[in-house]
Amino acid sequence: MVKIQIFTNVISNISIYANYADGVITVSTSGDRIYCDDMSCMFMLFDKLTTIDLSLLDTQNVRWMGNMFNHCSSLITLDLKPLNTENVQDMGWLFVGCSLLENLDLSSFNTQNVTNMQNMFGGCRSLETLDLSHFDTRNVNNTVYMFNGCEELSSINLSSFNTENVTDMG
């Protein structure tokens, strides 16, 4: 097993580690839980991992998740239920390049404060269906290339999408 320190907060003396073994990353911490407000690029370019255990992450104050899983190209499954996204503003490039993901359950995502969804699913070429019917997009202003390169996407539910404030759809 390889243990990689991916974040340190000097003030609270807490470190976040990614424990990697056999294509699986388990997130651990030197404290009880992992608290932060910026998770952008947290797992970016971890191209060998196949799954991530996110259960220790306390994301209630997170505002930035852009690029969080960017080019996790071997990721097969992803349980997003532990993520509290109610305060997230940036989901741009969130899953870009996750080329082996076949489906994503985003039913736990609260997108009421998100303004950026640019390239969110770009390059997710194995995704077959997406149900975004519960997405609250009233504050989103950027959806450029949101589904670019989703070659296998045959079913997508955008029934609740409000694009009134979108200024750039690409």
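Each reported figure results from applying straightforward, stated rules to the coordinates on display, with no laboratory input. Because the structure is a prediction, the values reported are computed rather than measured.
Under a 5 Å amide H cut-off, with hydrogens placed 1.01 Å from N, LEU106 pairs with ASP131 among residues at least 5 apart or on other chains. Distances between placed amide hydrogens fall under 5 Å for ILE156 paired with LEU130, all partners being 5 or more residues away or on another chain.
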